[in-house]
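Taking it in order: structure first as structure tokens, then the write-up.
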Amino acid sequence: MKKIELPISVNMVNFMNIVNDSLLIYSAYPSKLDIEKINLNTQQITGRISLEMESHKETFFDKNRGYLAANDSLIIYAYTYKKQIDIYGVDDMKLRKRLVGENTVPHIVVGDVKETEFRQRELVAGKHYFYIRCRKPKNMEGCFIEVYDYSGRSIAQYELTEMLYAFDVDEDNSTIYGYNSDIFEDGFLKYTLNGSE
């Protein structure tokens, strides 16, 4: 087995996506918020989206922190603490569309997860749509899965009675798979678009 050292600018990366068979797109979080693109054939960094960091340098509580997913043509970035989604092109890494909701002013208490309000969490890029898990208000159980097409149009919102800590979507079978170990011993849940199991 051949070991390949990638020219990654930080020691740890998150939300890694391989697209077009040879491009690695990832977030440089937790050391910074930048999104970088590496050509795996040449092992060169070929693009970067720089996201401004706040002066307190607590990246977990930074208002521009978010979740990243990509397909062969688009990069989706959903902000954690505000209702904003940015859609970038993979080729030039330029902003194509910005979706801004009502809750754009984040409520962040640095160092206090319980008092901080999380708007959007996990993000899944499917073949036809992308999916974002959103928290319900603090006094409500469960979560929402919001569905968008790649032009940024809202397609659906599914309200789930249980909080999913992670999820994936099988678009071919109209199924959402989720994980929450607080509910069952193995923690796996299955939701169909016309009901749940």
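The values are calculated or read from the model by the stated rules, or taken from the named source; none is laboratory data. A quick note: this is a predicted structure, and the numbers were derived from the prediction, not measured. Because the Cβ atoms are built from the backbone with ideal geometry, glycine has one as well, and the counts that use them run over all protein chains shown. Ligands, DNA and RNA are excluded from the accessible area calculation, which covers all protein heavy atoms including side chains. Shrake-Rupley method; radii C 1.70, N 1.55, O 1.52, S 1.80 Å.
Quick check: with the 1.4 Å probe, what order do Thr161, Thr80, Thr192 take by accessible area, largest first?
On the way: Thr161 100, Thr80 0, Thr192 35 Å².
Listed by decreasing accessible area, they come as Thr161, Thr192, Thr80.
So, in Å, what gap is there between the alpha-carbon centers of region 149-165 and region 40-114?
Each part reduced to its Cα centre gives a spacing of 18 Å.
Ordered by residue, what ³J(HN,Hα) values in Hz, to whole numbers, does region 147-158 give under the Karplus form 6.51 cos²θ - 1.76 cosθ + 1.60, where θ = phi - 60° and Gly and Pro are x?
In residue order, the calculated couplings are 10, 10, 8, 6, 8, x, 7, 5, 9, 7, 9, 9 Hz.
Just the number, please: carbon plus sulfur as a percent of the accessible area of the chain, 1.4 Å probe, no ligands or DNA/RNA counted. Can you show the working numbers first?
Working: 5130 of 11040 Å².
Carbon with sulfur: 46 percent of the solvent-accessible area.
How far, in nm, would the chain grow between Val105 and Glu5 when pulled straight, counting 0.36 nm per residue and subtracting the alpha carbon separation? Don't skip to the answer; put the middle values down first.
On the way: separation 100, 0.36 × 100 = 36.00 nm, distance 4.00 nm.
Result for the pair: 32.0 nm of gain on full extension.
Which residues does the label zone of Ile18 cover in region 44-79, counting backbone N under 20 Å from a point 7 Å along Cα→Cβ?
Counting only backbone N, you get 44-47, 68-76.
Using label points projected 7 Å from each Cα along Cα→Cβ, tell me how many nm separate Tyr177 and Glu58, to one decimal.
Taking the simple label geometry, Tyr177 and Glu58 are separated by 3.6 nm.
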